[in-house]
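The values are calculated or read from the model by the stated rules, or taken from the named source; none is laboratory data. Because the structure is a prediction, the values reported are computed rather than measured. Here Cβ is always computed from backbone atoms with ideal geometry, including for glycine, and neighbour counts include all displayed protein chains.
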Amino acid sequence: MPESRRSVSIARHLTLCADLLSGEEHDRQTLAARLGIRPAMADRLIRAALAELPGVSERRHGKQRKIRMEAGSRTAAPEYPTAVAACFGASLWPLFRGSSYEAGIRNALSHVVGRTKRRLVFENIDRKFCFLRRGGEAALTERQTVLDDVIEAVLHHRVLMARYTRFAGTSEQLRLEPLSIAVHDHQLYVLARSPHRALHPYRFARLEAVEVLDSVFSYPSRKAYDPEQVFRDSFGVFLDLPVRVVELRLHKRWEVYARTHRWHDSQVVTVGSDHVRVKLRVRVCPELEAWILGFGSEAEVVRPAALRGRMVAHARGLMRTYRSTPTGRRAHVLSR
């Protein structure tokens, strides 16, 4: 083929590629007109594009066949670590079971791994990366519209009017500036400010009703608000409790578990001859007390004194509970 004809052929191929990359569609007639060639030649170019160019697909309208390049294929394929990271993130889908976000998470994962160069590795991916939830967010399936409104408010910095039920059962109307949606202990929380209260974590399940207002608030700078820093000293979600150095003495049999488990970033584990010491710098909160009680008699609070006193009170309460005689069906079952 003469050099001039070869150059023309290359130019035609590049023009077709450029059109597809820019999002244009072509059929045999439009491509023939665009390149100044006969429809039969346009057909051959269309077949070559479908066979050789990644991301090019066709759709038919009657006898007419059009080709285009899918939008996702115009960007670089995700790297392998990126796809694996997406698998870890998508493993959270059980928290959103029953909502449209369950399908959304799955679709997002399919979009990422479907564009990798090692797609076959990611077969059965929903079983290869698992998040074992404990309970989950019970209110989600019944209140997806509430979650939709909260997400809308967080993304667009909109003020929320919400009716909120406190732990004790009292209900109040709140005007909130929602800054984040957080997952803690497999439950959803809305971190929000209000005119009469500083930043506070509101349990999503206790948001009875919300209304997204037209009012917009200024989202704080990272220096003014960073969730990682806000919860740096928290063992749970409480933010308004004192921070103390907490020291526990655990039974020796917890040695391996303590050395290989991280409960908090501040922890220091020291192994003694007959015990294990765990030191934390955290807010003294109900979650911390429940964690200590989970060790039963194999954990002793060394300090602070106030927390040690709380554990004594819990122990006395348990003794009163279990010293009493069970009644009703429970007593019958236990006696068998």
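Odds and ends about this structure:
- Filter result for Leu14 (in a helix (DSSP H, G or I), more than 14 Å from Ile67 (Cβ to Cβ) and not polar (S, T, N, Q)): yes
- Residues that are modelled with pLDDT under 95, in a helix (DSSP H, G or I) and among the small types (Gly, Ala, Ser) are absent from segment 167-174.
- Contacts under 7 angstrom Cβ, first residue in segment 85-111 being more than 18 Å from Lys128 (Cα to Cα), partner in a helix (DSSP H, G or I) and charged (D, E, K, R), 6 or more apart: Phe96/Glu102
- For segment 172-196, the candidate set comprises residues that are in contact (Cβ under 8 Å) with a residue 24 or more places away in the chain and out of contact with any strand residue (DSSP E or B) (no Cβ under 8 Å at 6 or more places or on another chain); within that set, the residue that is nearest to Phe96 (Cα to Cα) is His186.
- Extreme residue, modelled with the highest pLDDT, among residues of segment 88-102 that are surrounded by 18 or more Cβ atoms within 10 Å (Cβ to Cβ) and assigned to a helix (DSSP H, G or I): Ala90
- Residue within segment 103-110 that is among the charged types (D, E, K, R) and in a helix (DSSP H, G or I) present: yes
- Taken across segment 218-231, residues that are outside any loop (DSSP other than H, G, I, E, B) and farther than 27 Å from Gln267 by Cβ do not occur at all.
- When residues in segment 66-77 are screened for being surrounded by 11 or more Cβ atoms within 10 Å (Cβ to Cβ) and modelled with pLDDT under 85, 6 of them pass.
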